[in-house]
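A quick write-up on the structure given underneath.
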Amino acid sequence: MTATKSVVPDGAKAAPKDAITLLRADHEDVNRMFAAYAHTHTGPAKKALVAEICKALTVHAQIEEEIFYPEVQTALKDKLLVPDAAVEHAGVKVLIAQLESAEPDGKTYDAQVQVLSEQVRRHVKEEQNEIFPQARSWSLDMMDLGTRMSARKEDLLDQAA
Ligand SMILES: [Fe+2]
Ligand SMILES: [Fe+2]
């Protein structure tokens, strides 16, 4: 477990962030964890890191679905962006469920992690290139939204601990 500590997200304990800064920081944390997987070689270390990745992705998806997406939906010109994102989340959750019940003792596990990382990368790109810019251009209080999301994130991380 200690080998993964340096790349594990530090919860929501930092200074208040606006909603988009918080989500971008989560994306970077997950990206760092996927990068660390390439240098993780033992089964137990892989399993521990994947558990952290899955937890971070699950909590992140939940705060987006519960708070961020409903709030920004009306701001977006492209009305399919949020439904598309929700479908992508559903796909990611299927991969997470498969990984959580898998053992890191063969090539399939690495392939599953790779497919998850590719799906997450594509999804993150869509959020950052399409959803976030359109959401920012709307008169939404991003600090208030960020504060609510941060509090919810902390609750969910506590529950998952
Ligand atoms: Fe998302
Ligand atoms: Fe996201």
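The values are calculated or read from the model by the stated rules, or taken from the named source; none is laboratory data. All values derive from a computational prediction rather than experimental measurement. Counting neighbours? That spans all protein chains shown, and the Cβs are built from the backbone with ideal geometry, glycine included.
Among the residues in segment 7-24, are any surrounded by 19 or more Cβ atoms within 10 Å (Cβ to Cβ), in contact with a Pro (Cβ under 6 Å, 6 or more places away or on another chain) and modelled with pLDDT of 90 or more? No: zero hits. Does E126 qualify as being surrounded by fewer than 18 Cβ atoms within 10 Å (Cβ to Cβ) and either closer than 23 Å to A19 by Cβ or of a type in the set (F, W, Y) (or both)? Taking the combined requirement at face value, the residue satisfies it. Filtered by the rule that a residue be among the hydroxyl-bearing types (S, T, Y) and loosely packed, with under 12 Cβ neighbours inside 10 Å, segment 95-123 gives a lone residue, S101. The criterion of being among the polar types (S, T, N, Q), crowded, with 20+ Cβ neighbours inside 10 Å and more than 16 Å from ligand 2 (Cβ to nearest atom) does not hold for T74.
Condition test on A75, is it of a type in the set (G, A, S) and under 19 Å from the mean Cα position of the chain (by Cα)?
No: the conditions fail for A75.
Any residue that is within 15 Å of ligand 1 (Cβ to nearest atom) and touching a Phe, Trp or Tyr at 6+ places or on another chain (Cβ under 7 Å) - is there at least one of those in segment 73-85?
Among the residues of segment 73-85, at least one is within 15 Å of ligand 1 (Cβ to nearest atom) and touching a Phe, Trp or Tyr at 6+ places or on another chain (Cβ under 7 Å), which makes the answer yes.
Taking D144, is it more than 26 Å from A35 (Cα to Cα), of a type in the set (D, E, K, R) and assigned to a helix (DSSP H, G or I)? Give the steps one after another, and end with the answer.
On the way: more than 26 Å from A35 (Cα to Cα): yes; of a type in the set (D, E, K, R): yes; assigned to a helix (DSSP H, G or I): yes.
When the stated conditions are applied, D144 passes them.
Those helices (runs of 4 or more DSSP H) of segment 40-140 in which 3 or more residues are in contact (Cβ under 8 Å) with a residue 24 or more places away in the chain and of a type outside the set (S, T, N, Q) occupy 43-63, 81-100, 107-126, 132-136.
Here the condition is being more than 14 Å from ligand 2 (Cβ to nearest atom) and of a type in the set (V, I, T); of V82, V113, V120, V124, it holds for V113 alone.
Scanning segment 27-39 for residues that are free of Cβ contacts under 8 Å to residues at least 40 places away in the same chain and part of a helix (DSSP H, G or I) yields E28, D29, R32, M33, A35, A36.
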